[in-house]
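Student: If you scroll down you'll find the structure; I have some questions about it.
The values are calculated or read from the model by the stated rules, or taken from the named source; none is laboratory data. The shown structure was predicted, so the numbers you read here are calculated from the model rather than taken from an experiment. Positions of Cβ are generated from backbone atoms using ideal geometry, with glycine treated the same way; all protein chains shown enter the neighbour counts. Ligands, DNA and RNA are stripped out before the accessible areas are found, and what is left, the full protein with its side chains, is counted by its heavy atoms. Shrake-Rupley method; radii C 1.70, N 1.55, O 1.52, S 1.80 Å.
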Amino acid sequence: MTTTTTTTTTTHTGPTQQEPPKTSFTAHLIASFTAPISSLPTPAPEPLYKPADVPRIKNAKRLTGTRTKQLVRAADRGHDDPPPPPGLGECCGSSCDPCVTDLWREELACWRERWGEGAVEKKKKDDRKDGGGERKGCMPGSFDW
């Protein structure tokens, strides 16, 4: 008895799909823990001082009780929440002493001193004085009065 075997080879000319490399469950688990995760919030940094113990407030001379409370309130803000700057119409431009802009700078300095390097100031993209920023809801050429 004789047996004959015939083999046929087919050639596939289309694009080949590669299978993803198979990794073990342990390797996948380690990779998921060591990969950077941008969706998780970063923990808040520890402040350098308590709000009332900020040296700028504590060592200041001739502060009224009201101004001391304002500075403590500004220093008590979160690490990512600086005191807001004065609005457009809040400064009268007549060189008041103290100007609201000077008071804001003092509050900002207390806030920065309390948080140190952990302070995070958010920058606005359209906060340009030359009018180059794009503002939504305003006609081109209109003014903010």
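Student: For residues that are under 15 Å from Ala119 (Cβ atoms) and aliphatic (A, V, I, L, M), tally how many sit in segment 46-91.
Tutor: Of the residues in that region, 4 qualify.
Student: Restricting to segment 56-73, name every residue that is out of contact with any Leu (no Cβ under 6 Å at 6 or more places or on another chain), part of a helix (DSSP H, G or I) and either more than 12 Å from Glu107 (Cβ to Cβ) or open to solvent by less than 50 Å² (accessible area, probe 1.4 Å) (or both).
Tutor: Taking segment 56-73 as the starting set, the residues that turn out to be out of contact with any Leu (no Cβ under 6 Å at 6 or more places or on another chain) are 56, 58-73.
Of the ones still in play, those that are also part of a helix (DSSP H, G or I) are 56, 58, 65-73.
Once the filter is applied, which keeps residues that are out of contact with any Leu (no Cβ under 6 Å at 6 or more places or on another chain), part of a helix (DSSP H, G or I) and either more than 12 Å from Glu107 (Cβ to Cβ) or open to solvent by less than 50 Å² (accessible area, probe 1.4 Å) (or both), segment 56-73 yields Lys58, Gly65, Thr66, Arg67, Thr68, Leu71, Val72.
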